[in-house]
Amino acid sequence: MIDSSKHQGLRKRLVDDLITKGIDSAVVIKALLKVPRHVFIDSDFESHAYLDKAFPIESNQTISQPYTVAFQTSLLNLVESDKVLEIGTGSGYQTAILMEICKTVYTIERQHKLYRKTKKLFSKLNYHSKNIIYGDGYKGLEEKQPFDKILVTAGAEEIPKKLLIQLKVGGIMVIPVGKNIQEMIVVKRISKLKFEQENHGNFKFVPLLKDLN
Ligand code: SAH
């Protein structure tokens, strides 16, 4: 995995662009500068890695646009000690950003091919590959709950109940909700039974699917 000074220069330029677009969290900016986005994209298309654009990956899925990754990560208000669950590993780029910021990050992917590919890449990059889990993220991750933060990186038709239950009191979930276009919803768990929601604008994601296959 080569991270040349050219890659680093392009990355710096991308991050400057994201700052211009309103990204201002210091921990998020630091992680964006560190993670080599080009290794999460097929090497033939490396030149696309540092454009602020989504890009196709394996199994008809997409690596999210850098701005979207930066925005969702900022909304989580992460601190190092947070235990985080991500739904929709995909290329693993967003996962790597989370792992740069927090000690404990779990991520679930339902496409087996993509899961295998990203797990292999994570071992090479020395990220916690064992925390990449194959399964249906709609159900959350019962055995590791509760989570301080939950991030969904696919568009959900509604907020999965199981994810709400697995959020700590005081915790935050960021989830794009909607059928064709999604609203970026931030859910805060105020108490055992009380949740508050805020809407942070419209985005476009691949769908969060229920059940495997
Ligand atoms: N964070 C990823 C986004 C990939 S797109 C990245 O930046 O690369 C969203 C991913 O969610 C896809 O890989 C898709 O396969 C996955 N996905 C969709 N429904 C899912 C579910 N129920 N459980 C787990 N993953 C799911």
Of the listed peptides 168-177, 118-127, what is their order by residue-averaged count of other C-beta atoms within 10 Å, with the highest listed first? 168-177, 118-127
FRET efficiency for ILE181 and LYS103, using Cβ-Cβ distance with R0 set to 30 Å, rounded to 0.05: 0.30
Contact order normalised by residue count of segment 56-203, Cα under 8 Å, 6+ apart, percent: 19 percent
Rg (one decimal) and Dmax (whole number) from the Cα set of the chain, in Å, equal 16.1, 51
Counting only heavy atoms of protein chains, what accessible area per residue, in Å², does segment 56-203 have with a probe of 1.4 Å? 45 Å²
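Determine the relative contact order of segment 128-213: mean sequence separation of Cα pairs under 8 Å and six or more apart, normalised by residue count, in whole percent. Don't jump to the answer; show the numbers that get you there.
On the way: 164 pairs, mean separation 23.8, N = 86.
Value for segment 128-213: 28 percent.
Just to be sure I understand: of the beta bridges DSSP finds with both ends in segment 56-203, what percent are antiparallel, rounded to 5? Can you show the working numbers first?
Working: 14 of 31 bridges.
Roughly 45 percent of the DSSP beta bridges within segment 56-203 come out antiparallel.
The values are calculated or read from the model by the stated rules, or taken from the named source; none is laboratory data. The model shown is predicted, which means the values in this text are computed figures rather than measured ones. Positions of Cβ are generated from backbone atoms using ideal geometry, with glycine treated the same way; all protein chains shown enter the neighbour counts. These area figures cover heavy atoms from the full protein model, side chains too; ligands, DNA and RNA do not enter into them. Shrake-Rupley method; radii C 1.70, N 1.55, O 1.52, S 1.80 Å.
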